[in-house]
Amino acid sequence: MAIFDGKKIRGIVGKTVFKNGKGNTSVIQKAPVAVRQTKATKKSANLFGQGSVLAGAIRYGLSFIIRGNYDPDMINRFNKPVRAIINRCYNKTSETFTFAPDSFEDLIGFEFNSRSWIINSLYVKPQTNLTGNTLKISFPEINVKEQLKFPAGSNLCQLEVCISYIILDQAMTKHSDIEFIEISNAQETLAAQEFTFETPEGCLCVAGLGLNFYNKQSDVKTVMTSKTFNPANICGAVITAGTFVDPGFKNIGNRTIPSPWQPIAKLKLHSS
């Protein structure tokens, strides 16, 4: 029903909507059409949403290397492959998810800032190896002069490895593990490096690699990375064997230590 207030018509007449615009203007437009979702479209929308929630959880776990310095389209770019993985691992008959150890390998190589790919700054690639519950990220010897490109004005690089942990079927996560090493542009070489992380059972472990550059004068370091220059990508993604069991609270003396694991809101990826 529409109402005339003496100056304007407001409301709905048939398929037409009359409403107030800016100033003394009126706006006339078609009434919105109610769209009835089928069961299939609801499931599709739910999968789409679950992919976005999981992508956000992974990004949050890798925030140490992303630092908010990502390109404007990064979130949409990252949601896309995560959603594709979710769809691929979903069983329509049982309405459950089945994840293999390598289900998330497609994320390897994803760049968080399309304006500063890490391969344009570091000319070697790390190797990721999982043995039991031990995850190792290994780098070969680096010829600093030839294989690490320092941006103008920088003289120090912090090579960082960050691991994001997510229990998919229980929608749990905990603080990331972080390791790093500093490299001066005055160095000739950096010896081969191996970063080792002890991982939980039944856990998605996403490894991120970041390069944080500085200008260091005496004991003062000025950050050189920014919204337009922040080399960081995903260098590993694997699901460990076994079934995760939350350790819960621990009593040490007269102190109670809470579980490091926290729920991921709205994530529901039930396993078969």
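The values are calculated or read from the model by the stated rules, or taken from the named source; none is laboratory data. What you are looking at is a predicted structure, and each value in this text was computed from that prediction instead of being measured. Glycine gets a Cβ as well: all are built from the backbone with ideal geometry, and neighbour counts include every protein chain shown.
Please go through the range 197-229 and give me each residue that is loosely packed, with under 13 Cβ neighbours inside 10 Å, over 21 Å from W117 (Cβ atoms) and under 21 Å from the mean Cα position of the chain (by Cα), ordered by number.
The one that is loosely packed, with under 13 Cβ neighbours inside 10 Å, over 21 Å from W117 (Cβ atoms) and under 21 Å from the mean Cα position of the chain (by Cα): E198.
Filter the range 230-253 down to the residues that are over 18 Å from W117 (Cα atoms) and either in contact (Cβ under 8 Å) with a residue 24 or more places away in the chain or in contact with a Gly (Cβ under 7 Å, 6 or more places away or on another chain) (or both) and list them by number.
If the condition is that a residue be over 18 Å from W117 (Cα atoms) and either in contact (Cβ under 8 Å) with a residue 24 or more places away in the chain or in contact with a Gly (Cβ under 7 Å, 6 or more places away or on another chain) (or both), then A237, V238, I239, T240, A241, G242, T243, F244, V245, D246 are the ones that fit.
Look through I234, I183 and report the one residue that is at pLDDT 95 or above and closer than 15 Å to L156 by Cα.
Just one listed residue meets the conditions, I183.
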